[in-house]
1. Restricting the search to the range B:43-89, which residues are farther than 24 Å from A:HIS92 by Cβ, loosely packed, with under 14 Cβ neighbours inside 10 Å and either touching a helix residue (DSSP H, G or I) at 6+ places or on another chain (Cβ under 6 Å) or among the basic types (Lys, Arg) (or both)?
2. If I filter the range B:16-24 for residues that are facing another protein chain (nearest Cβ under 7 Å) and touching a Ser or Thr at 6+ places or on another chain (Cβ under 8 Å), do I get at least one hit?
3. Can you tell me which residue among A:ALA71, A:ALA66, A:ALA109, A:ALA52 is modelled with pLDDT under 95 and over 14 Å from the mean Cα position of the chain (by Cα)?
There are 2 protein chains.
Amino acid sequence: MAMSESGVPEELQRLRGSIDNLDAAIVHIMAERFKITKRVGQLKAAQGLPAADPNRERQQIARLRALAHDAGLDPEFAEKLLSFIVSEVVRHHLQIAGRDSGPSRDPDA
Amino acid sequence: MAMSESGVPEELQRLRGSIDNLDAAIVHIMAERFKITKRVGQLKAAQGLPAADPNRERQQIARLRALAHDAGLDPEFAEKLLSFIVSEVVRHHLQIAGRDSGPSRDPDA
């Protein structure tokens, strides 16, 4: 197998370059997503809207699972990823609302 | 504030549409990323390469934190997100390698 100067197989080095490109895309999309959820948090706090909306959350989960399935991504992973992001968004929303307790889930995540 | 027929403020509905678009992008990027890490897992298993590469991992974390900082995303969140994804990749790699134990971290995540 062809090796690069660093002793890493060339194919592995190439694959790592692709991973790095995709990770950069994910970081930038996440940055944009948190800008939007920050605005959602401000809007909800200003309007006194509840943080949680179970219907919206169910729709998000079902949609992401279907998209994941069609794209060949494990739907379970997609749902876990959404939960992971949501937990960070809830943390932000609670900071915006100045509360230190509240619903553990927020659908606008 | 303007309300849509569903009783959701129009701005919130618009923001949710943007969140949905970004989530679809994330799902598709993740699907591509796991295709690549699956190939990495196969390559490492075939070549008997170690799953963990601390140097690569340090580089990935430092790079993602810097990208996150520049994009206005919390670098801590970016690092946590990478760890979250890595744990899923490691699970895949262990399945590919047919092992049920091994390093808890794999940099090609």
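The values are calculated or read from the model by the stated rules, or taken from the named source; none is laboratory data. Quick caveat: nothing in here was measured; it's all calculated off a predicted structure. Please note: Cβ atoms are built from the backbone with ideal geometry, for glycine as well, and neighbour counts cover all protein chains shown.
1. Residue satisfying the conditions is B:ARG58 alone.
2. yes
3. Only one candidate passes the filter, namely A:ALA52.
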